[in-house]
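Visitor: Below you will find the structure I want to go over with you.
The values are calculated or read from the model by the stated rules, or taken from the named source; none is laboratory data. Quantities reported herein were computed from a predicted structural model and do not represent experimental measurements. Here the Cβ positions follow ideal geometry from the backbone for every residue, glycine too, while neighbour counts run over all protein chains shown. Remember, those area values only see protein heavy atoms, side chains included, never the ligands or the DNA or RNA. Shrake-Rupley method; radii C 1.70, N 1.55, O 1.52, S 1.80 Å.
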Amino acid sequence: MKNILVVGGGGREHAIIMKLAESTHVGKIYCTPGNGGISKYAECFNVSATDIEGVVKLAKRLNPDMVVVAPDDPLVLGMVDALQSEGFMTFGPKKDAAIIEGSKVFSKELMKKYNIPTAFYEVFTDSEKAIAYLKEQNSYPAVIKADGLALGKGVIIAQNEEEAVSAVHEMIDDLKFGKSSARIVIEEFLTGPEVSVLSFTDGKTVVPMISSMDHKRAYDNDEGLNTGGMGTVSPNPYYTEEIARECMEKIFIPTIKAMNAEGRTFEGCLYFGLMLTPKGPKVIEYNCRFGDPETQVVLPMLDSDLYEIFEAVYNHTLDQLDIKWHSGACACVVMASGGYPLSYPKGLEISGLDEKGQTENCFVYHAGTKLSDDGKFLTNGGRVLGVTARAENLQSALDTAYQGVSEISFENVHYRKDIGQRALKALE
């Protein structure tokens, strides 16, 4: 039996751990740093996900058969390189490939060079020049992105000149996202349904996973600030077989080939954030890892052994696997702390969960929880829980997930009431 160490501590990692636990090959699962819910299914350690030295040291102590590096920060910092140099089998891209998410400028320039469809853009490091460009374009909404990682919040969609100018000053002059926003990308605003497609790739073969639809805004009707994601459904009804074929031909395979041509072979999970525009699918962004909360609806739909897939990616034998998916649909509703994505309290007691952190009929993925000394689940983050259900159709999955949400509570809990509504309309 194989022992696995998973690096990370959110809902995505909980979903990866639960799917690995189903594998006939997997024995013991470790996680660092994990969280309250994960600790019920994996042995957790108190080493930060970005502490490369600490994680390598832990891996040497535990000697797992595989280390799965799940979050973006350690991937971009080169954790996979450090682990591989010590002889560990890993899942996740190396540093030179993780730059596809680590730098928006890199990914935009890659797409331009290799004719991969994306929004028109310009890059700036000087706020005055950026503002002059915005005034010259005079086209709103305008999309302003921090170059580096910003917890999924480094994108401002400015509705007018005043908002755009303010965003530029905040990013470049005030370094709102630290060094990540010293360089920005200003791009045209694309319209159309958004689709998230995660894919497994070993650098030769690319296998797209089942599609999903994220709900980024904090409030119902897509209002409020951008968040890391307030809920997801899978599959995404806008992503037809015809569109999937077009994406494979014009986006997925060309991206893998482009990274190879740049000497940055990508091995792991490559996430394609797509916009289905009137002129065809275009890339909004790449992520170098499983999306969160998309993973919480995509992995429950997987009807194949996740460990076997991870091993095939590492061994470059992905073309030998036949990866299967369940029929039906999956829905995840995120229960967040009141005040998220700005400021919010931590340490509030969560009621309605059993001793495993679960509730009947749903699976509850823990994103921001911890266990108190007396064994109670407490809030410990902005997004606290992802209440998830799989069913024969989307309406049933949503009904079950919301039933689960109604059974769980904590002070000032906030969740969207309209997850999946757009998808249901598209299915009519």
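Visitor: Among the numbered criteria (1) within 30 Å of V6 (Cβ to Cβ); (2) open to solvent by less than 50 Å² (accessible area, probe 1.4 Å); (3) modelled with pLDDT of 95 or more; (4) not β-branched (V, I, T), which one does K104 miss?
Guide: Status for K104: all satisfied but (3).
Visitor: If you take the residues of region 366-393 that are in contact with a helix residue (DSSP H, G or I) (Cβ under 6 Å, 6 or more places away or on another chain) and either closer than 17 Å to M230 by Cα or aromatic (F, W, Y) (or both), which of them is surrounded by the fewest Cβ atoms within 10 Å (Cβ to Cβ)?
Guide: Selected residue: A389.
Visitor: Among the residues that make up region 134-143, is at least one of them open to solvent by less than 40 Å² (accessible area, probe 1.4 Å) and basic (K, R)?
Guide: No, region 134-143 has no match at all.
Visitor: Something else now. List the number of the failed condition for R61; all other conditions in (1) assigned to a helix (DSSP H, G or I); (2) of a type outside the set (D, E); (3) touching a Ser or Thr at 6+ places or on another chain (Cβ under 6 Å) hold.
Guide: Among (1) assigned to a helix (DSSP H, G or I); (2) of a type outside the set (D, E); (3) touching a Ser or Thr at 6+ places or on another chain (Cβ under 6 Å), R61 violates only (3).
Visitor: Can you find, within region 340-365, the residue that is farthest from G37 (Cα to Cα) among those that are assigned to a strand (DSSP E or B) and open to solvent by less than 80 Å² (accessible area, probe 1.4 Å)? If you could, list the steps in order and put the result at the bottom.
Guide: Initially, region 340-365 is screened for residues assigned to a strand (DSSP E or B), giving 349, 351, 363-365.
Those still in the list that are open to solvent by less than 80 Å² (accessible area, probe 1.4 Å) too: 351, 363-365.
Numbers: S351: 13, F363: 11, V364: 9, Y365: 7 Å.
Top of the filtered list is S351.
Visitor: Something else about it: What pairs can you find where one residue is in region 51-66 and more than 11 Å from G87 (Cβ to Cβ) and at pLDDT 95 or above, the other is buried (at least 16 other Cβ atoms within 10 Å of the Cβ) and of a type in the set (K, R), and their Cβ atoms are less than 7 Å apart, with a gap of 6+ or different chains?
Guide: Listed pairs, sorted by first residue: D65/K2; M66/K2.
Visitor: I'm checking my understanding of the structure. Among residues of region 30-58 that are within 21 Å of G386 (Cα to Cα) and in a loop (DSSP other than H, G, I, E, B), which one is most open to solvent (accessible area, probe 1.4 Å)?
Guide: The qualifying residue most open to solvent (accessible area, probe 1.4 Å) is Y41.
Visitor: Find all pairs meeting these conditions: Cβ atoms under 6 angstrom apart; at least six residues apart or on different chains; first residue within region 265-283 and open to solvent by less than 10 Å² (accessible area, probe 1.4 Å); second residue of a type in the set (K, R).
Guide: Here the result reads C269/R289, each pair linking region 265-283 to a residue that is of a type in the set (K, R).
Visitor: Only residues in region 240-252 that are at negative phi and among the basic types (K, R) count as the first member; pair them with residues that are surrounded by 16 or more Cβ atoms within 10 Å (Cβ to Cβ) and at pLDDT 95 or above, Cβ under 7 angstrom, at least 6 apart or cross-chain, and list the lot.
Guide: From residues that are at negative phi and among the basic types (K, R), the pairs are K250/P117.
Visitor: Would you check which residues across region 107-155 are outside any helix (DSSP H, G or I), at pLDDT 95 or above and among the hydroxyl-bearing types (S, T, Y) and list them?
Guide: Across region 107-155, the qualifying residues are Y114, T118.
Visitor: Is it the case, given these coordinates, that H326 is surrounded by fewer than 20 Cβ atoms within 10 Å (Cβ to Cβ) and under 29 Å from M209 (Cα atoms)? Let's see the steps before the verdict.
Guide: Working: surrounded by fewer than 20 Cβ atoms within 10 Å (Cβ to Cβ): yes; under 29 Å from M209 (Cα atoms): yes.
Yes: the conditions hold for H326.
Visitor: Check whether at least one residue in region 407-423 is open to solvent by 10 Å² or more (accessible area, probe 1.4 Å), within 21 Å of H14 (Cβ to Cβ) and of a type in the set (S, T, N, Q), and report yes or no.
Guide: Yes, that holds for at least one residue.
Visitor: Residues being of a type in the set (F, W, Y) and surrounded by 20 or more Cβ atoms within 10 Å (Cβ to Cβ): count how many of those fall in region 197-245.
Guide: First, the residues of region 197-245 that are of a type in the set (F, W, Y): 200, 219, 238-239.
Subset that is surrounded by 20 or more Cβ atoms within 10 Å (Cβ to Cβ): 200, 239.
Residues that pass the stated criteria total 2.
Visitor: Turning to a different aspect of this structure: Looking at region 62-92, which of its residues are more than 17 Å from R12 (Cα to Cα) and under 15 Å from the mean Cα position of the chain (by Cα)?
Guide: The one that is more than 17 Å from R12 (Cα to Cα) and under 15 Å from the mean Cα position of the chain (by Cα): V76.
Visitor: L175 - would you say it is at positive phi and in a loop (DSSP other than H, G, I, E, B)? Outline the logic, then answer.
Guide: Numbers: at positive phi: yes; in a loop (DSSP other than H, G, I, E, B): yes.
Criteria met by L175.
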